[in-house]
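Chemist: Dropping a structure here in structure tokens format, bear with me for questions.
The values are calculated or read from the model by the stated rules, or taken from the named source; none is laboratory data. Note that the structure is a prediction, hence the values are computed from the model and not measured. Cβ atoms come from the backbone with ideal geometry, glycine included; neighbour counts cover every protein chain shown.
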Ligand code: NAD
């Protein structure tokens with residue numbers, strides 16, 4: 001039976017849907033309509049204990065299962081995701097607000113990770129050096145780490161869990177997902193599809209909740225590793241707390257991504273790309289461009305063209321055909337964004353396109369239209385802090401050198417983009433910019449599943465990033481065997 005049909009969501013533990021012992025529940029509204037979709041329980045330490053026990057129990061058998069058999073289950077999981085993509089995308093749109101095409105795109109990005117993880121028989125191969133000394137061989141084998149916890153954000157409720165689950169499982173770990181309490185329904189669907197694909201009971205578990213559940217996961221001695229994706233303060237907290245409890249932790253964090261528009265850029269394409277990056281998914285992407293750093297000779301023209309592009313964006317319910325931008329996730333989030341915008345204006349920014357227009361037009365839902373602030377200076381809060389909204393700040397600079405200095409003063413280093421037709425400028429940008437994911441004429445430079453998602457500075461805490469070979473390293477531990485055989489048969 002689907003756990004969504006029950007209004008109050010259940011945890012998925014040891015292959016069964018069970019009620020959380022939670023004292024508190026939160027409503028889960030559709031951010032476009034404010035209709036309540038479900039209630040999510042805020043699980044307690046004892047709920048986490050139950051899940052860890054189930055995951056530990058399942059680990060022994062799952063680890064023993066040949067990797068070829070584990071990935072066969074993943075092939076079936078991939079098929080279920082593909083078959084169910086329309087209904088899954090609808091769930092994502094209903095609880096997150098993004099458009100149906102954005103939801104499908106995120107599911108496809110998640111499916112790509114399942115496909116990559118299906119290569120685990122080759123990815124987790126060890127190494128051997130025979131005869132390191134006379135009669136002595138040395139080999140390295142990779143083993144799973146044990147029970148892994150995944151703590152995920154609201155903005156990619158399918159893709160981010162799929163950055164973790166397929167790779168952790170294929171490597172032989174068991175897993176506990178603690179999804180965002182603001183978007184728990186997609187996680188429920190993922191559990192159902194994984195179970196239908198044949199993931200054995202206890203191998204993949206779901207615990208709903210917030211801080212209390214996270215704290216219990218971080219402190220639980222039965223958990224070996226934690227993969228986290230979310231905002232900067234929480235990422236730092238999860239990293240330091242998890243590490244202090246002896247766990248390996250990867251914590252992907254917030255961002256403030258700059259798009260430099262050079263004087264020789266192909267302007268029409270650059271405007272399209274900057275607008276798509278800033279306003280797509282209502283700006284609620286860690287890869288969203290939120291600051292355009294534009295060189296003066298072209299700045300007036302660029303801002304005019306961008307205002308036109310912002311005006312053309314169709315804002316509304318993501319389920320409706322033709323919608324290009326959905327709402328923000330919650331009213332409180334929108335209120336915080338509005339406050340930051342006001343602060344920017346008070347500090348001297350110039351409002352070029354005011355997204356409060358759509359806020360007034362659309363009576364229900366947490367909408368904020370595309371917003372463009374010009375003449376922002378790097379020291380302003382609106383230029384420094386992540387707003388996570390369709391608000392783009394324009395900083396005007398003299399040249400590329402100054403643009404790169406503006407980018408590098410950010411405490412974040414997730415992504416940075418340069419628009420140019422000059423190889424020399426592109427090379428300088430690649431060499432000098434302090435960010436982990438660069439785009440050259442590409443507005444959302446998300447690496448494919450077989451490369452690391454590699455934020456720098458305060459956009460990431462840890463050593464090994466999500467996806468690519470980093471993830472294989474993160475979800476395995478190495479065992480070194482040095483062997484020599486005495487007697488018989490020389
Ligand atoms: P969030 O930090 O509020 O929540 C993330 C997770 O942490 C959720 O599961 C939540 O329940 C939990 N959590 C929240 N507060 C907590 C606390 N005080 N203690 C312990 N756990 C807590 O993030 P969000 O608003 O859901 O997601 C948006 C943020 O995630 C943005 O900052 C965005 O940049 C970031 N993000 C980063 C990446 C990346 O790859 N770097 C990808 C997606 C999102």
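Chemist: Within the stretch 405-420, count every residue that is touching a strand residue (DSSP E or B) at 6+ places or on another chain (Cβ under 8 Å) and within 19 Å of residue 385 (Cβ to Cβ). Don't jump to the end; show me each part of the working.
Modeler: Taking the stretch 405-420 as the starting set, the residues that turn out to be touching a strand residue (DSSP E or B) at 6+ places or on another chain (Cβ under 8 Å) are 406-407, 410-420.
When the remaining residues are screened for being within 19 Å of residue 385 (Cβ to Cβ), the result is 406-407, 410-416.
Final tally of qualifying residues: 9.
Chemist: Out of the stretch 228-257, which residues are out of contact with any strand residue (DSSP E or B) (no Cβ under 7 Å at 6 or more places or on another chain) and away from the ligand (no atom under 11 Å from the Cβ)?
Modeler: 240, 244, 245, 246
Chemist: Further question on the same structure: Can you name every residue in the stretch 178-217 that is within 8 Å of the ligand (Cβ to nearest atom), within 22 Å of residue 249 (Cβ to Cβ) and either crowded, with 19+ Cβ neighbours inside 10 Å or not assigned by TED's automatic domain parsing to the domain that holds residue 69 (or both)?
Modeler: Within the stretch 178-217, 178, 179, 180, 181, 209, 213, 214 meet the criteria.
Chemist: Can you pull out the residues in the stretch 299-315 that are surrounded by 18 or more Cβ atoms within 10 Å (Cβ to Cβ) and touching a strand residue (DSSP E or B) at 6+ places or on another chain (Cβ under 8 Å)?
Modeler: Step one: list which residues in the stretch 299-315 are surrounded by 18 or more Cβ atoms within 10 Å (Cβ to Cβ), which gives 299, 302-303, 305-306, 309-310, 313, 315.
Passing the criteria: 299, 302, 303, 306, 310, 313, 315.
Chemist: Could you grab the pairs with beta carbons closer than 8 Å, sequence gap of 6+ or different chains, first residue in the stretch 142-155 and on the phi > 0 side of the Ramachandran plot, second one buried (at least 23 other Cβ atoms within 10 Å of the Cβ) and in a loop (DSSP other than H, G, I, E, B)?
Modeler: If the second residue must be buried (at least 23 other Cβ atoms within 10 Å of the Cβ) and in a loop (DSSP other than H, G, I, E, B), the pairs left are 146/173; 146/223.
Chemist: Among the residues of the stretch 384-407, is any within 16 Å of the ligand (Cβ to nearest atom), within 20 Å of residue 434 (Cα to Cα) and in a helix (DSSP H, G or I)?
Modeler: Yes, the stretch 384-407 has at least one match.
Chemist: In the stretch 10-32, what residues are surrounded by fewer than 16 Cβ atoms within 10 Å (Cβ to Cβ) and outside any strand (DSSP E or B)?
Modeler: 19, 21, 23, 24
Chemist: Here's a follow-up. Any idea how many residues of the stretch 421-435 are in a loop (DSSP other than H, G, I, E, B) and in contact with a strand residue (DSSP E or B) (Cβ under 9 Å, 6 or more places away or on another chain)?
Modeler: Looking only at the stretch 421-435, we keep the residues that are in a loop (DSSP other than H, G, I, E, B), and these are 421-422, 433-435.
Okay, now just the ones that are also in contact with a strand residue (DSSP E or B) (Cβ under 9 Å, 6 or more places away or on another chain), so 433-435.
Adding up the residues that qualify gives 3.
Chemist: Could you go through the stretch 437-448 and let me know if any residue there is out of contact with any strand residue (DSSP E or B) (no Cβ under 9 Å at 6 or more places or on another chain) and not assigned by TED's automatic domain parsing to the domain that holds residue 175. Give the derivation first.
Modeler: Taking the stretch 437-448 and keeping what is out of contact with any strand residue (DSSP E or B) (no Cβ under 9 Å at 6 or more places or on another chain), we get 448.
From what's left, not assigned by TED's automatic domain parsing to the domain that holds residue 175: 448.
Yes, the conditions are met somewhere in the stretch 437-448.
Chemist: For the stretch 441-460, how many residues are more than 10 Å from the ligand (Cβ to nearest atom) and part of a strand (DSSP E or B)?
Modeler: 2
Chemist: Got a sec? Which of 242, 246, 230 is buried (at least 17 other Cβ atoms within 10 Å of the Cβ) and without any contact (Cβ under 8 Å) to a residue 40 or more places away in the chain?
Modeler: Working: 246 fails: buried (at least 17 other Cβ atoms within 10 Å of the Cβ); 230 fails: without any contact (Cβ under 8 Å) to a residue 40 or more places away in the chain.
None of the other options fit; the residue is 242.
Chemist: Let me ask something else about it. Could you tell me which numbered condition residue 388 fails, if it satisfies all but one of (1) outside the structural domain of residue 265 (by TED's automatic domain parsing); (2) on the phi > 0 side of the Ramachandran plot?
Modeler: Condition not satisfied by residue 388: (1).
Chemist: Out of (1) assigned by TED's automatic domain parsing to the domain that holds residue 464; (2) within 14 Å of the ligand (Cβ to nearest atom); (3) in contact (Cβ under 8 Å) with a residue 60 or more places away in the chain, the odd one out for residue 223 is which?
Modeler: (2)
Chemist: Among the listed residues 352, 315, identify the single one that is touching a helix residue (DSSP H, G or I) at 6+ places or on another chain (Cβ under 9 Å) and within 18 Å of residue 34 (Cβ to Cβ).
Modeler: Working: 352 fails: within 18 Å of residue 34 (Cβ to Cβ).
Only one candidate qualifies: 315.
Chemist: Let me confirm something: among 76, 80, 56, 90, which residue is farther than 30 Å from residue 120 by Cβ and touching a residue at least 60 places away in the same chain (Cβ under 8 Å)? Let's see the steps before the verdict.
Modeler: Details: 76 fails: farther than 30 Å from residue 120 by Cβ; 80 fails: farther than 30 Å from residue 120 by Cβ; 56 fails: farther than 30 Å from residue 120 by Cβ.
After ruling out the rest, the residue left standing is 90.
Chemist: Here is a follow-up. For residue 471, state whether it is outside any strand (DSSP E or B), away from the ligand (no atom under 13 Å from the Cβ) and in contact (Cβ under 8 Å) with a residue 60 or more places away in the chain.
Modeler: Values: outside any strand (DSSP E or B): yes; away from the ligand (no atom under 13 Å from the Cβ): no; in contact (Cβ under 8 Å) with a residue 60 or more places away in the chain: yes.
So residue 471 fails the test.
Chemist: Here's a follow-up. Looking at 340, 285, which is the one that is touching a helix residue (DSSP H, G or I) at 6+ places or on another chain (Cβ under 6 Å), within 16 Å of the ligand (Cβ to nearest atom) and in contact (Cβ under 8 Å) with a residue 12 or more places away in the chain? Before the answer, list the steps.
Modeler: Values: 285 fails: touching a helix residue (DSSP H, G or I) at 6+ places or on another chain (Cβ under 6 Å).
After ruling out the rest, the residue left standing is 340.
Chemist: Which one of these is modelled with pLDDT of 95 or more, within 16 Å of the ligand (Cβ to nearest atom) and not in a loop (DSSP other than H, G, I, E, B): 438, 418, 464? Working first, answer last.
Modeler: Values: 418 fails: within 16 Å of the ligand (Cβ to nearest atom); 464 fails: not in a loop (DSSP other than H, G, I, E, B).
Among 438, 418, 464, only 438 is modelled with pLDDT of 95 or more, within 16 Å of the ligand (Cβ to nearest atom) and not in a loop (DSSP other than H, G, I, E, B).
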